[in-house]
Protein chains: 2
Amino acid sequence: MIKQDQEYYMREALFEADQAAAIGEVPIGCVIVWQNKIIGRGHNLREHSQDATLHAEILAIQEANAYLKSWRLEGAQLFVTLEPCPMCSGAIINSRIAEVYYGAPDPKAGTAGTLLNLLEDSRFNHQAQVTAGILQTDCAFRLKSFFRKIRQQQRKK
Amino acid sequence: MIKQDQEYYMREALFEADQAAAIGEVPIGCVIVWQNKIIGRGHNLREHSQDATLHAEILAIQEANAYLKSWRLEGAQLFVTLEPCPMCSGAIINSRIAEVYYGAPDPKAGTAGTLLNLLEDSRFNHQAQVTAGILQTDCAFRLKSFFRKIRQQQRKK
């Protein structure tokens, strides 16, 4: 995929991240592309749902599965603003997504190259090709601004 | 937790595995225990749902989150008939489950000690204590019988 298209889809993932921020959730967004079309979207909903599994990627994968009426997302590309955690990396492997593009690295839980690279580990029955750093500055800025705002609110209390 | 209780809850997870087998799903079952009570149950529903995320553990975690009205399952124990995959190991970390008891090891995707040990990796912000091999023979037998039956059906075609 050419860089221009990668950035186009990452901006769609950033739009999802903004939807999360607007309701006070940590701003992480994801879209899934299949045959040049977005077939799944998601943003972090952990606090609103009080469900530990509702990360952006899980919601986007579930929507894409429903769209294709198949748990197999072969040939699909996933765009996410923050490097996937182990749960989401595992869901990407389980759904056979072909390519993963992420924005900002996650030094605390990233398993698409930072702490581990689950997605390209040949011991699993599927590997996804990883490309890091798509619109990294924008993706990281969303998170930094969010946490700065939280700290400011806590200081006011 | 004493061995007798561990086996009691694993039999409940095996009951869930049998529910999966009864509808033609790979027989994997899970229960989550909190303060000596089962607050979440699940069995593999990947084929019926055509949703790559609907493993036994994810469904049990979602049910337990709903029961406690919290994404945090601190102090909870999870019992599952097959060693968790990366997705389910990640969901266990994300939901802060304290202890994981599994039946049969998974040489293809197990990340609670076999291929990796995500659950006890101190780089993540939470660790779950792992105990392997609870009713291992029974748990493995369910899977072996299921796949033997599938192979027999395929030969008849």
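What separates the A:Arg72 label point from its copies, with the point 7 Å along Cα to Cβ, is 4.3 nm, written shortest first.
Each Cα pair under 8 Å and six or more residues apart adds its sequence gap; the mean of these over the residue count of chain A is a relative contact order of 19 percent. Dividing the summed -39500 (n - 2.57) terms of all DSSP H runs of n ≥ 4 by the residue count of the protein assembly as shown sets its mean residue ellipticity at 222 nm at -13500 deg cm²/dmol. For the peptide B:91-97, the mean number of other protein chain Cβ atoms found within 10 angstrom of a residue's Cβ is 5.
Label sites at B:Lys144 and A:Ile150, each approximated as a point 7 angstrom past Cα along Cα to Cβ, lie 4.8 nm apart. The mean number of partner chain beta-carbon atoms within 10 angstrom of a residue's beta-carbon across peptide B:106-119 is 3. Separation of the stretch A:1-70 and the stretch B:43-121, taken as the distance between their Cα centroids, equals 22 angstrom.
Note on chain B: with a GNM built from Cα contacts shorter than 10 Å, the maximum mean-square fluctuation among B:Thr81, B:Thr137, B:Thr111 falls on B:Thr137. Note that the protein assembly as shown carries a Kirkwood radius of 19.8 Å, evaluated over its alpha carbons pair by pair. Here B:Lys149, A:Lys37, B:Lys157 are placed in order of increasing Cβ neighbour count within 10 Å, fewest first, which gives B:Lys157, A:Lys37, B:Lys149.
For the stretch A:1-156, the Cβ-based charge dipole about the Cα centre amounts to some 500 debye (Lys, Arg positive; Asp, Glu negative; other atoms uncharged). With a simple spin-label model that places each label point 7 Å from the Cα along the Cα-to-Cβ direction, the separation between A:Lys157 and A:Ala66 comes to 3.4 nm. Compute a Gaussian network model of chain B, connecting alpha carbons closer than 10 Å, and tell me which residue from B:Asp106, B:Asp138, B:Asp51 fluctuates the most. With Cα springs under 10 Å in chain B, the top fluctuation among B:Asp106, B:Asp138, B:Asp51 is at B:Asp51.
Across B:Cys139, B:Cys85, B:Cys30, mean-square fluctuation computed from a Gaussian network of chain B (C-alpha pairs under 10 Å connected) peaks at B:Cys85. Label-point spacing at B:Ile23 relative to the other copies reads 2.7 nm, in ascending order, each point sitting 7 Å out from Cα along Cα→Cβ. Take each residue of peptide B:53-61, count the partner chain Cβ atoms within 10 Å of its Cβ, and average: the result is 4.
For chain A, the spread of Cα positions along the three principal axes, ordered from largest to smallest, is 50, 32, 30 Å. Among beta bridges from DSSP that stay inside the protein assembly as shown, the antiparallel ones total about 60%. For the protein assembly as shown, the dipole from Cβ point charges (+1 on Lys and Arg, -1 on Asp and Glu) about the Cα centre works out to 140 debye, to the nearest 20. Antiparallel beta bridges, as assigned by DSSP with both residues in the stretch A:1-156, represent about 60 percent of the total such bridges.
Bear in mind that the values in this text are calculations on the coordinates, not laboratory data. Since this is a predicted model, take the numbers as computed values, not measurements. Ideal geometry is used to build each Cβ from the backbone, glycine not excepted, and the neighbour counts take in all protein chains shown.
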